[in-house]
Amino acid sequence: MATRPVPLLPLLSTPDECEAQFYEALQQGDLERLMALWSDEDEVACIHPGGLRLVGAATIRASFAEIFGQGVIDCRPAEVRRVVLDKVAVHTLTEQVKVVTPDGTQLGHVLASNVYVHTPLGWRMVLHHASPGMVHDAGGGLRESGATLH
């Protein structure tokens with residue numbers, strides 16, 4: 001297990017608290033807060049929609065720094081399903097993401113899985129895996145999204 005400096009966060013007593021902090025950090029573009037939510041495990045992983053598997057906190061940090069360099073992510077969790085087994089929680093959900101396109105703002109959907117473990121610091125993320133979903137167009141229809149959402 002690697003040790004890295006972690007900004008102080010309140011003790012996250014549930015996986016839902018960790019998840020809420022994760023999406024708030026995305027919405028605010030707060031890299032330090034976002035990274036403080038990850039476990040100290042060497043094998044933490046993140047897969048952005050259509051992207052490669054990123055392993056390790058430094059690699060994940062670099063990817064979110066690049067993303068936040070383009071702006072914040074207006075992303076909100078929806079349709080969350082939860083499984084908690086002792087000290088591991090798995091959440092599957094739909095992320096609702098506002099995407100600005102040449103045709104205006106559209107609502108995109110990303111299918112995501114978030115995995116959390118209970119640590120001495122409370123619940124922390126060990127995996128965020130997101131896959132491209134569908135986009136609601138202005139007329140209320142659905143179409144495949146070719147945009148990178150996060």
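Computed over protein heavy atoms with a 1.4 Å probe, the carbon and sulfur contribution to the accessible area of the range 49-134 reaches 58%. Computed from the C-alpha gyration tensor, the three semi-axes of the ellipsoid equivalent to the range 30-95 are 21, 17, 12 Å, from longest to shortest. Scoring 22-28, 47-53, 97-103 by mean Cβ neighbours within 10 Å over their residues and listing the highest first yields 22-28, 47-53, 97-103.
Estimated from the Cβ-Cβ distance and a Förster radius of 25 angstrom, the FRET efficiency linking Leu121 and Thr101 is about 0.05.
Solvent-accessible area per residue in the range 1-116 equals 54 Å², computed with a 1.4 angstrom probe and all protein chains kept.
Heavy-atom accessible area for Thr105, with the other protein chains in place and a 1.4 Å probe, reaches approximately 90 Å².
Taking only alpha carbon atoms, the range 1-115 gives an Rg to Rh ratio of 0.95, where Rh is the Kirkwood radius. What FRET efficiency comes out for the pair Glu24/Ser113, r = Cβ-Cβ distance, R0 = 22 Å, nearest 0.05? Efficiency, rounded to the nearest 0.05: 0.70. Packing-based ranking of 66-77, 113-124 yields 113-124, 66-77, ordered from highest to lowest mean Cβ neighbour count within 10 Å.
The values are calculated or read from the model by the stated rules, or taken from the named source; none is laboratory data. Since the model is a prediction, treat every value here as computed from it, not as a measurement. Please note: Cβ atoms are built from the backbone with ideal geometry, for glycine as well, and neighbour counts cover all protein chains shown. Note: areas computed on protein heavy atoms with side chains; ligands, DNA, RNA excluded. Shrake-Rupley method; radii C 1.70, N 1.55, O 1.52, S 1.80 Å.
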